[in-house]
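The values are calculated or read from the model by the stated rules, or taken from the named source; none is laboratory data. Because the structure is a prediction, the values reported are computed rather than measured. As a convention, Cβ positions derive from the backbone with ideal geometry for all residues, glycine included, and neighbour counts pool all protein chains shown. Please note that ligands, DNA and RNA were not included when accessible areas were found on the heavy atoms of the full protein model with its side chains. Shrake-Rupley method; radii C 1.70, N 1.55, O 1.52, S 1.80 Å.
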Amino acid sequence: MATASTPSERPAPPPGKAGMPKAVVAGCVGNFIEQIDVGLYGYLAPVMAGSFFPGGDPTVALLSTYGTFAVGFLVQPLGGVIFGRMGDRVGRRTMLMLTIVLMGVLTACIGMLPTYAQVGALAPALLLVVRILQGAVHGGEYGGALTFIIEYAPRRSRGLYMGYASIGVFGGLLVGAGLSALVSALLDDGQMATWGWRLPFLIALPLSLGGLLLRRRVGETPAFLEHQRKNPAPQESPIWETLRAYWRPLVTFTGYAMTNAVLSYTWVTYLPQWLDTEGGLGHSAAFASNLISLAAYLPLLVLAGWLSDRIGRKPMLLAGCVACVTLVPLAFWVAQQGSFGSAVLAQLIYLVPEFCIAVPATASLPEMVPTRVRVTATALGFNVPFSVFSGTAPMVATALVGWSGTLYAVSGYLGALAVISFFAVLLGFRETSRRTLAPGESPAATDHAGGEAVPAAGKATAARGAEDHSPAPEAPAAAGPR
């Protein structure tokens, strides 16, 4: 028998315009801290290689550092399962408060690890352990944060708010790059090699404490509270239900997310290193060019989200795949001209496929699955392709260029992935941008999925089906293809 809910159990109303910024910031602050770590590790890898691995061949040491970087990504699906279950059972807010503390502590630990010269082989082993733990925490944080934001966002603006969330991701990379550049400019090579590289990692601890305080001030999402009120006793494990009933949208998402993963992480981790070591720019100029492109990208993220709300996720994803095949080789040709201006221009060209893919992909997966498994499904769906493709992106790019002697080998790799992604979107993805997402959202007079008006008499039926707003397992989305 249903019992009356206490005031603390009653679902909070969706926030108005004044409440959304707090929810968005609370959701993306963890991603911001996470990406600072990713940016620092990617940008400082050449310096860190000498601290954690024995001397000799610099390329081998750099590949070893990138390999440790990749391992952290490979364990993210496991973290997505562990923390995703917590988010779907206990709540998004509780899980996110735990992950942000763990992220700050683990990132700060990297800045305090002993070196190979001090403890020998124990140094890379400790780095590997910390990266594994970081990967597990990151695996839960990202899916939980996206779920938190998208369950708060208005239906017609979910892409827009995913654009704001993506600012947290790329803003973190920008801060990571900026801190790396600042420390490199202030310290000489000897100071950087011995202790200077550690300083940027230590800043994550006070940032995570500030993020914890912010998340404590934002309530649980209305969608989760409403689901919890109506379904107090879970019927099935979130991970098992996700794999059993929603594997098709996860496979489709993997098909286009892999291009997004390699595009992003080749740009922010490998390309600055190539411009420094192979492109002839020098360390400071290479990283400055990357900083400029990152700064230019931030406002475009919001525009991309808004545009995906207007024309749909599918057209933008298809355009991004085509742009990847056609424009990335052009960007690499421009990058090889050897000047600072050409490096900046190359990365701005590179941003075109990024603009089309990143935000629509981020918004699409949480829209394809129901409230009861959304954290688990989103975390698992993102972490599998990103752990395999983004974590290995700098290592694969380094190996391809070393083997072929040309940067175009990387564009060939990206182009092959983009062709696969194009057909995954064209044949497997059904538009999600206008679908009703959660029971916490107020019913609307019209459902714009497919552009059809919903009669008033159909509102009750729509409301009854709001909880399981995802498609049946045989159809990954409710709306027809665009």
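Given a 1.4 Å probe and the protein chains as shown, Thr436 ends up with an accessible area of around 50 Å².
Highest average first, the peptides 69-75, 293-299 ordered by how many other beta carbon atoms sit within 10 Å of their residues are 69-75, 293-299.
Taking only alpha carbon atoms, region 121-263 gives an Rg to Rh ratio of 1.04, where Rh is the Kirkwood radius.
Among the GluC sites (Glu not before Pro) within region 230-320, those in coil by DSSP and having at most 16 neighbouring Cβ atoms inside 10 Å are Glu236, Glu278.
Listed values for region 293-300 are Karplus-derived 3J(HN,Hα) couplings in whole Hz (6.51 cos²θ - 1.76 cosθ + 1.60, θ = phi - 60°), namely 5, 5, 4, 5, 6, 4, x, 5, and x replaces Gly and Pro.
Would you mind classifying region 190-327 by shape? Square roots of the alpha carbon gyration tensor eigenvalues, ordered a ≥ b ≥ c; an a/c under 1.5 is rounded, otherwise it is prolate if a/b is larger than b/c and oblate if not. Taking the square roots of the gyration eigenvalues as a ≥ b ≥ c, region 190-327 is oblate. Of the trypsin sites (Lys or Arg not before Pro) found in region 207-269, the ones in coil according to DSSP and having at most 15 other Cβ atoms within 10 Å of their Cβ are Arg217. Residues Ser339, Ser308 ordered from highest to lowest accessible area at a 1.4 Å probe: Ser339, Ser308.
Sorting His138, His283 by accessible area puts them as His283, His138; the probe is 1.4 Å, largest comes first, and only protein heavy atoms count.
Solvent exposure of region 147-305 amounts to 37 Å² per residue of accessible area, where only protein heavy atoms count and the probe is 1.4 Å.
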